[in-house]
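Since every read-out is calculated from the coordinates, none of them should be taken as a lab result. All of these numbers come straight from a predicted model, not from anything done at the bench. For neighbour counting, all protein chains shown are included, and Cβ atoms are generated from backbone atoms with ideal geometry for every residue, glycine included.
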Amino acid sequence: MDKIYLDNAATTPLSEEVIDAMVGIMKTNFGNPSSTHSFGQEAKILLENVRRQIADYLHVTPAEIIFTSCGTESNNMIIKSCVEHLGIERIISSPLEHKCVSESILEMKNRKGVEVNYIRPDEKGDIDLSKLEELLKASDKKTLVSLMHANNEIGNIMDIKKAAEICKAHNALFHSDTVQTMAHMDLDFSDVAVDFASCSAHKFHGPKGVGFAFIRKSTGLKGIITGGPQERSLRAGTENVAGIAGLGKALELSLDNMEVYAGHIQEIKDYAIERLSMDIPGIKFNGRSAQKNSLYTVLSALLPYKNPLIGLQLDMKGIAISQGSACSSGASKPSMVMMMVLSEDEMDSCTPLRISFSHLTTKEDIDALVNALKEISDDLVIEKTNAEHR
């Protein structure tokens, strides 16, 4: 049975070129980048070349790029260090954030007494930035604003440039979780006054276990993992040289092919919307995921029947898909994002499904998904009919 992968928002398959780059580094560049001999310095040069590559993409200085293990670590470091070292007394966020952001904020509230204000999204999952301005005007407390660029479940994109301008005007620090948009969109942090951002390489066909944090120098942020002076003393510990090389190669491929990849993926997404709308009567799409102004890699659908086993049933048919964020996949209740955009009746009677695409996704993959969903739906009707006649 051929297997189909439609869960690219959770992780993406490694590109062959990335694997080759990493294997080459593991064979030849095994030195510790902190060592002063030639083996170490060769590894150090490799790290700095990737750092410079990232900085060029974001239009920032290399010193503002800090290598980490993933977006979760980056977001934890930023939020907790802002409280621990920069005197943040209040955090403004939303219920739409990834768990690594929301849980870090709750920890700072419970452990450090930080005031937390949430901007409730509308029924489409949009954040009204005028409410952000109202909250910032309402208090003189030193504030961190943490709002994600694009939602990993419903694909809504926030105007981070406008959010950054509002924060700047009210002397608030601004952090944005950019894990879903990094290497998928053009980002220019010389134009967008974001103070902090995050990245995970495995979201754009790079390796797991490596990412980076963007930390604007003017903020004065300090590290929370202490030890050696690695990563400008912001993140102690020997760097993952092979992983960083893989990140660099994945970023290079993504940037070189961004227009082609984005065009292909948008075409696939449009085709999925068309097929699902035509073949699954009563299906709806959550947030703005079916609209052109959403993240092109994500489509959030709502099946018109309750079936908590849909993910398992699709997997048995060789189709990998998600019912929400991978970090919440084992939860017994809907994610916070779904609770924000679905009515109580929809949560009780419908089934959310997240379909996420890459440049490797084909129309044949979508056809297979639609056919599988039709089979599952037909089986449910038969089961219901049989039960009524028992």
### Query
Which residue fluctuates the most in the chain, going by a Gaussian network model with Cα springs under 10 Å, if the choices are Leu132, Leu360, Leu253?
Leu360
### Query
Which residue, His184, His205, His59, has the most motion in a Gaussian network model of the chain that connects Cα atoms within less than 10 Å?
His59
### Message
Run the reach check for Lys131 against lysines, Cα to Cα strictly under 26 Å, same-chain hits fewer than 8 apart removed. What comes back?
### Response
Lys80, Lys99, Lys109, Lys112, Lys141, Lys142, Lys161, Lys162, Lys168, Lys292
### Task
Please build a GNM for the chain, connecting alpha carbons under 10 Å apart, and tell me which residue among Ala193, Ala169, Ala236 fluctuates the most.
Ala169
#### Entry: Beta bridges by DSSP in the range 16-256, antiparallel share as percent, to the nearest 5
40
### Farthest positive-ward along the range 261-311 dipole, Cα basis, beta-carbon charges - from Leu295, Gly263, Asn307
Asn307
### Message
How big is the range 16-256 along each principal axis, measuring the range of its Cα positions in Å and listing the largest first?
### Response
56, 35, 29
### Query
What order do you get for Arg232, Arg51 when you list them from fewest to most C-beta neighbours inside 10 Å?
Arg232, Arg51
#### Entry: Over the chain: helical MRE at 222 nm, DSSP H runs n ≥ 4 each giving -39500 (n - 2.57), nearest 500
-13500 deg cm²/dmol
### Message
I'd like the distance separating the alpha-carbon centroids of the range 1-32 and the range 218-245, in whole Å.
### Response
23
### Task
Of the options Leu247, Ala21, His37, report the single residue whose Cα projects farthest towards the positive end of the charge dipole of the chain (beta-carbon charges: Lys, Arg +1; Asp, Glu -1).
His37
### Task
Could you sort 245-251, 161-167 so that the peptide with the highest average Cβ count within 10 Å comes first and the rest follow in order?
245-251, 161-167
### Task
Any aspartates and glutamates with Cα under 12 Å of the Lys306 Cα? List them, leaving off those in the same chain fewer than 8 positions away.
Asp345, Glu346, Asp348
### Ordering of 143-149, 122-128 by burial proxy (mean other Cβ atoms within 10 Å per residue, highest first)
143-149, 122-128
### Query
For Ser94, Ser200, Ser277, Ser335, what ranking results if the residue with the fewest other Cβ atoms within 10 Å of its Cβ goes first?
Ser277, Ser335, Ser94, Ser200
